[in-house]
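Participant: Below: one structure in C-alpha cells.
Here, each number is a calculation from the coordinates, and none is a lab measurement. Not measured: the values here are computed from a predicted model. Virtual Cβ from ideal backbone geometry, glycine too; neighbours counted across all protein chains shown.
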Number of protein chains: 2
Amino acid sequence: MVSTTIKFALFSALTLLSLQAVVSVTPLHFQHPLDPLTKEEYSLVQKIVLHKYPKVAFHYIGLDDPEKDAILKWESFKPSVITIPRKVSVIAIINGQSHEILIDLRLKSIVSDTIYTGNGFPTLSVDEQTIAIELPLKYPPFIASVQKRGLNLSEVICSTFTMGWFGEEKSTRTARLDCFMKETTVNIYVRPITGITIVVDLGLMKIVEYHDRNVEEVPTAENTEYQLSKQSPPFGPKQHSLASHQPQGPGFQINGHSVSWANWKFHIGFDARAGVIISLASIYDLEKHKSRRVLYKGYISELFVPYQDPTEEFYFKTFFDAGEYGFGLSTVSLIPNRDCPPNAQFIDTYIHSADGTPILLKNAICVFEQYNSIMWRHTETGIPNEFIEESRTEVNLIVRSVVTVGNYDNIVDWEFKASGSIKPATKTKSSQLDISFV
Amino acid sequence: MVSTTIKFALFSALTLLSLQAVVSVTPLHFQHPLDPLTKEEYSLVQKIVLHKYPKVAFHYIGLDDPEKDAILKWESFKPSVITIPRKVSVIAIINGQSHEILIDLRLKSIVSDTIYTGNGFPTLSVDEQTIAIELPLKYPPFIASVQKRGLNLSEVICSTFTMGWFGEEKSTRTARLDCFMKETTVNIYVRPITGITIVVDLGLMKIVEYHDRNVEEVPTAENTEYQLSKQSPPFGPKQHSLASHQPQGPGFQINGHSVSWANWKFHIGFDARAGVIISLASIYDLEKHKSRRVLYKGYISELFVPYQDPTEEFYFKTFFDAGEYGFGLSTVSLIPNRDCPPNAQFIDTYIHSADGTPILLKNAICVFEQYNSIMWRHTETGIPNEFIEESRTEVNLIVRSVVTVGNYDNIVDWEFKASGSIKPATKTKSSQLDISFV
C-alpha cells in the first residue's frame, strides 16, 4: 500500500511548475530582539564557554527570551537601536555534569553558571548519537549476534532510542540502540534486527547492557522502496502540473524574521529545542485603528509518542520528540517546489553541533499563500423579488517547517487567516502512518 | 465580528484572477444509467402524471436507481445502447394524499401508484413555501401584532420552518412561520420579530394556530451588512491575487457526468433530495491491471440540526435539511472564481417546481484540482554517508456544491486523492456560525 501510494504521486511531484525563483533569506545580524541566534552569535557563545571550560558538550544553545514587558515596550516604540539585553541560554555537559549557563552577548561574559542535579537530562546531541550508533559494530557480543543470524555486519546500521522513565529513583543518561539492515534498501526501518537489547551509557559512551534474547528473521524490504529514482514501471497516473500564479507578486513581505501579510504582522523565531516559534502575532483592527495582539508566543511544546506496547521491544518507546531530540535540531531542509509550492519564500537558520559550532540549515522554513476554499458565502433566496449572492474566497498564509525524528516526518504548519484566526497543525508522515493534528 | 470578517475578505475575492474561461456543460441526453433526469425527462414525467391527475403538487421527482447488479454489468461491458430501464420515482400530493408513483420513461407510463399512509410527509416544495410565507401579511391578528410593535408591515418577511415530531399519535403537514424585518437590511435573520407563534397547515394552506405571546424589541441590523457593494471604508487589507496555473490544461476530464482524473473514475449524479451523488468511484490498480471499486454510491444522507433549546421560540427547530427541504432543491448556483477557483469546470443540472416544470440550475456543481500540501515525504539522516530526501506534492480533485437552507450555506466537498482515498467534507457558513465536518 505504501509503495503504491508513493508510485501514484511520482508524476505529480515531478511536473510541479516553478513559476518563481526560490528566494532565500540568510539573516546575518539580528534586527528584532526575538530573532534566533546568528552564526556570529553562536560562535561568540562557543568562544565564551570554551574560554572557561576546555571540554564542553553543548546540548542546547538558544536565545534567553527577554522579559515580555521589555519586548512589548520595544514593539510599541521600535527604537532604532535595540537596548534590550541579548542573552543566551546554554545547557552543556562538562565533566559529566549538566550545566545551565547564561551568557550576556553584549557583555561577552557568563552571567550565571549552575550545575543542575534534578531529574531529567539534556537533549541528545546529533554528535553523541553518531558516536553511539557505531559502538555495537565493534562490540564482540553484538558481532556474534549478527553472525548467528547470518547477517552481513557491514550492512548493519543502528539508531538511538531514548528510554523513558519508569519510576527509577536514580537514572543515568542512557539510550537504547535498535539496529537495522540497510542491505537492499534505504528504508531501514522495515528491516529491524529484533530480539536484541542494547543499552548505551551516553556519559561513559559504552554499552552497559546487552541481551540477545531470541533470533528472529529480518523482514525483507520488498515493495518498500520509496526513492523516486529507484522506481520502475508501471508508474502511477500522470497528473498535470498545477502552480500558483501571483501576477502582483506575493501578498506578504519578509523583513529579516518579521512577516507582514494582509492584516497580520508576526515574527518567526527558531530554537534548537522548539523549532519554529511564532511571536507577537497581531492583526490590525480597522475600527480601532490599531493592532490587536493575538498571540505572544506559540510553538509546539512537545510531541509525546508513547507506543504503549508492553513487550521488551517497545515498552521503552515513550519519545519526547521535542525535549529528547529537539524539534529545531531535527528540522530538515525543505525541498523547494515539493515541500512548499513554487510561490513560497524560504528562510535559512542556524543550529549548532555538540562542540558549539554553528551549522547552517538551508530552507528551514517556508512562507507561502495558499487558496483554501470559501471564507464565507451566502445566497439569500428568502426575500421576494430580491436575489442576493455573496462569496469571499479564502487565501491563507502558511508558515511551514518539517521536523524529522527517525522515520517520522512531522509537517508543522502555522496557518494565518485574514478572518483573524491562526490554525497550527502538524501532519505526521512515515512509512507506516499518516496522522493529522489540527 | 461577522462584519469585520466580511470586510477583511473583500479585496481577496475581488482580485481573484480568471485565467481560464468558465466552462459549462449542459447535459441534454442521458449517457449513463445514473445520469440525473434531463429537462426532457422532467417534462415527460410531468406530462405522464398530469395525464392521469389534473391537479398535482410534485414534491419529489428523481431517478429510480436501477439494480446494482445491472449497473455493474453495464459498467463492465459499456454497450453502445443502454438497455437498463429508465425509471423515475415521483412523490406527489394529490387531493391531500401522498402518492408514490413509479414511471417507466421508455414505456412512457405509470408502473405503480400507491397512496402512502405511514408516518412522515413529503419534502416541502419551494412553491408552497412561497405561498405560505405570504399568509401572515393578510392575517388580521398578525397585522395587529405588527402594529402593536410599531413595525412597518411592508417591511415584514416570513420564512417557513419545519416543526419536528414530538410523539404525536397523528400529525398533520404543518410548518411554523418566523417573521423578520427586512427594513434596512437583506440580512433578515438578524432582525427576528419574536414572541409570536404562527402555525400553517400546508394542506389547507391557512394559519391554524396563532399566539402573540410577548412583545420584544426587534434587533437592529447595525454592523451586519454583508453585501460587498454596500460596504464603505475602512476596507480590509488588500490581498494580492492568487490563481492556479495549469499550462497543460486541467488534469481531469468530464464526459457528460463521468469524470476521470489521475487514477480515479467516477460519476456525478444529482437528486432533488440528496443533492450531489458520487457513484461508481474506482481507482485503477496498477499491479492488477484493472479498476478497483471504492464507492458504489455516496451522498449526504441527512443534515440534522436539532437546536436543543426548550423555549417556545426554538424547541421545534429540529431540521432535517435533506429530508424536509431537499439538499438538491436547496443547492444554489456557484459563483465562478469565488465559490470555485478559476481552474474549475462547472456542471449544470435540473430541479423541478411543484407543478413538475424543469428548472435549470446553472453551475450547480464544480470540479477542480487543488494543491493540498505534502502527500508523503521523508528525509533520511540515519544512514552514515548517505543523504536521502524525497517529497511528493499532493494535488487533489474536488467536486463542490453549495446547499443553502435558510441562513446556512453548506459547502459540500468530495475530495479525491491520488493515494486512493475519498474525503467528503461539509463546511457550514452562516451569519453566526462556522462549522466543519470532515
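Participant: Could you work out [θ]222 nm for chain B from helices alone, using -39500 (n - 2.57) per DSSP H run of at least four and dividing by all its residues? Round to the nearest 500 deg cm²/dmol. Intermediate results must be reported in sequence, preceding the final value.
Facilitator: Values: 5 runs with 53 residues, N = 438.
Rounded to the nearest 500, it is -3500 deg cm²/dmol.
Participant: If we count trypsin sites (Lys or Arg not before Pro) as exposed when they sit in a DSSP loop and have at most 12 other beta carbons within 10 Å, what is the longest stretch of chain B that avoids them all? Write down the numbers at each step before the final one.
Facilitator: Details: sites that count: B:K55, B:R106, B:K108, B:K170, B:R213, B:K288.
The reported range is B:289-438.
Participant: Given the options B:L34, A:S112, B:Y408, identify the residue whose Cα lies farthest towards the positive end of the charge dipole of the protein assembly as shown (+1 on Cβ of Lys, Arg; -1 on Cβ of Asp, Glu).
Facilitator: B:L34
Participant: Another one. Stretch A:L107-A:S80 to full length: gain in nm at 0.36 nm per residue minus the Cα-Cα span?
Facilitator: Stretched out fully, the A:L107 to A:S80 stretch lengthens by 7.7 nm.
Participant: Then there's this: If each residue's Cβ is checked for other Cβ atoms within 10 Å, how do A:T174, A:T114 rank with the fewest at the top?
Facilitator: Values: A:T174 16, A:T114 10.
Sorted ascending by nearby Cβ count, the order is A:T114, A:T174.
Participant: Let me ask something else. May I ask which residue of B:G62, B:H51, B:I93 lies farthest towards the positive end of the charge dipole of region B:31-118, with charges of +1 (Lys, Arg) and -1 (Asp, Glu) on Cβ and the Cα centre as origin?
Facilitator: Selected residue: B:H51.
Participant: Please average, across the residues of B:333-344, the number of beta carbons from any other chain that are within 10 Å of each residue's own beta carbon, and give a whole number. Write down the numbers at each step before the final one.
Facilitator: On the way: counts 3, 5, 7, 1, 2, 8, 8, 4, 3, 2, 3, 0.
For peptide B:333-344, the averaged partner shielding equals 4.
Participant: Once phi is turned into ³J(HN,Hα) by the Karplus curve 6.51 cos²θ - 1.76 cosθ + 1.60 with θ = phi - 60°, what whole-Hz value does each residue of region A:195-205 show in order, with x for glycine and proline?
Facilitator: After applying 6.51 cos²θ - 1.76 cosθ + 1.60, I find x, 10, 10, 10, 10, 10, 8, 6, x, 6, 6 Hz.
Participant: Mind checking the dipole of the protein assembly as shown: about its Cα centre, +1 per Lys or Arg Cβ, -1 per Asp or Glu Cβ, Debye to the nearest 20?
Facilitator: Numbers: 82 positive and 96 negative charges, 289 e Å.
So the magnitude is around 1380 debye.
Participant: Going by C-beta contacts inside 10 Å, put B:S401, A:S232, A:S301, B:S258 in order with the fewest on the left. If you can, show how the numbers build up before the last one.
Facilitator: Values: B:S401 28, A:S232 7, A:S301 11, B:S258 17.
Final ranking by Cβ density, sparse to dense: A:S232, A:S301, B:S258, B:S401.
Participant: Would you kindly calculate the mean projected area, averaged across all directions, of the convex hull enclosing the Cα atoms of the protein assembly as shown, in square nanometres? Don't skip to the end; give the middle numbers.
Facilitator: Details: hull surface 174.0 nm².
Directional mean of the projected Cα hull area for the protein assembly as shown stands at 43.5 nm².
Participant: Another question, then. With a Förster radius of 51 Å, plug the Cβ-Cβ distance of B:T172 and B:S421 into 1/(1 + (r/R0)^6) and report the FRET value to the nearest 0.05. Before the final figure, lay out each step's value.
Facilitator: Details: r = 46 Å, r/R0 = 0.89.
Result of the calculation: an efficiency of 0.65.
Participant: Then there's this: Have a look at B:I398, B:P384, B:T357 and report the one farthest towards the positive end of the charge dipole of region B:355-399, computed about the Cα centre with Cβ charges (Lys/Arg +1, Asp/Glu -1).
Facilitator: Looking along the dipole axis, the top candidate is B:T357.
Participant: If I model chain B as equal point scatterers sitting on the Cα atoms and use the Debye formula, what is log10 I(q)/I(0) at q = 0.07, 0.09, 0.13 Å⁻¹?
Facilitator: The computed values of log10 I(q)/I(0) come out as -0.43, -0.70, -1.29.
Participant: Enter the mean number of other protein chain beta carbons within 10 Å of the beta carbon of each residue in A:243-256, as an integer.
Facilitator: 4
Participant: Please work out which residue of chain A brings its Cβ closest to the axis of the rotation superposing A onto B, and round that distance to whole Å.
Facilitator: Residue plus distance in Å, as requested: A:H245, 2.
Participant: Scan around B:D64 for amide H atoms under 5 Å from its own, H built in the peptide plane at 1.01 Å from N, and keep only partners 5 or more places away or cross-chain.
Facilitator: Excluding prolines and chain starts, which carry no amide H, the hits are B:K87, B:V88, B:S89.
Participant: Name the residues whose placed amide hydrogens come within less than 5 Å of the amide hydrogen of A:V294, ignoring near sequence neighbours (fewer than 5 apart) on the same chain.
Facilitator: Here A:A281, A:S282, A:I283 satisfy the definition.
Participant: With θ set to phi - 60°, apply the Karplus curve 6.51 cos²θ - 1.76 cosθ + 1.60 along region B:309-320 and write out the HN-Hα couplings as whole Hz, x wherever there is a Gly or Pro.
Facilitator: With the stated coefficients, region B:309-320 comes to 10, x, 6, 3, 5, 10, 4, 7, 7, 9, 5, 9 Hz.
Participant: Just to verify a number: FRET efficiency for A:V305 and B:H289, C-beta to C-beta distance, R0 = 51 Å, to 0.05?
Facilitator: Values: r = 39 Å, r/R0 = 0.77.
For R0 = 51 Å, the calculated efficiency reads 0.85.
Participant: For a quick check: sort A:I103, B:I398 by the number of other beta carbons within 10 angstrom, fewest at the front. Before the final figure, lay out the partial values.
Facilitator: Numbers: A:I103 23, B:I398 20.
Ascending number of Cβ neighbours within 10 Å: B:I398, A:I103.
Participant: Which GluC sites (Glu not before Pro) does region B:153-211 hold that lie in a coil by DSSP with at most 13 other beta carbons within 10 Å? Display every interim value, and only then the final one.
Facilitator: Numbers: sites: B:E155, B:E168, B:E169, B:E183, B:E209; in loops: B:E168, B:E169, B:E183.
When the GluC sites (Glu not before Pro) of region B:153-211 are filtered for loop state and at most 13 Cβ neighbours within 10 Å, B:E168, B:E169 remain.
Participant: What are the label-to-label distances in nm, one decimal and shortest first, from B:L72 to the same spot in the other copies, with labels 7 Å along Cα to Cβ?
Facilitator: 6.6
Participant: Using 1/(1 + (r/R0)^6) with R0 = 30 angstrom and r between the beta carbons of A:T184 and A:A144, what's the FRET efficiency to the nearest 0.05? Let's see the in-between values first.
Facilitator: Details: r = 23 Å, r/R0 = 0.78.
So the FRET efficiency works out to roughly 0.80.
Participant: Number of Lys pairs in region A:31-118 with C-alpha atoms less than 18 angstrom apart, excluding same-chain neighbours closer than eight positions?
Facilitator: 12
Participant: In addition: For B:E169, place a label point 7 Å out from Cα along the Cα→Cβ vector, do the same in each other copy, and report the separations in nm, one decimal, smallest first.
Facilitator: Listed shortest first, these distances are 7.8 nm.
Participant: Treat every Asp and Glu Cβ in chain B as -1 and every Lys and Arg Cβ as +1, leave all other atoms uncharged, and give the resulting dipole magnitude about the Cα centre to the nearest 20 debye.
Facilitator: Details: 41 positive and 48 negative charges, 188 e Å.
Computed charge dipole of chain B: roughly 900 debye.
Participant: Here is a further query. Where in region A:184-205 does the label zone of A:V215 land, with the point 7 angstrom along Cα→C-beta and an amide N cut-off under 18 Å?
Facilitator: A:192-197
Participant: I need the semi-axes of the equivalent ellipsoid of region B:126-229: take the C-alpha gyration tensor, multiply each eigenvalue by 5, square-root it, list largest first in whole angstrom. Write out the running numbers ahead of the final one.
Facilitator: Numbers: eigenvalues 127, 51, 34 Å².
Working through the eigenvalues yields semi-axes of 25, 16, 13 Å.
Participant: Placing a label point 7 Å from Cα toward Cβ, how far apart in nm is A:D127 from its equivalents in the other copies, listed shortest first to one decimal?
Facilitator: The projected label point of A:D127 is separated from its counterparts by 8.4 nm.
Participant: Please give every one of the lysines within straight-line cross-link reach of A:K317, meaning a C-alpha to C-alpha distance under 24 Å, and leave out same-chain neighbours fewer than 8 residues apart.
Facilitator: A:K170, A:K182, A:K206, A:K427, A:K429
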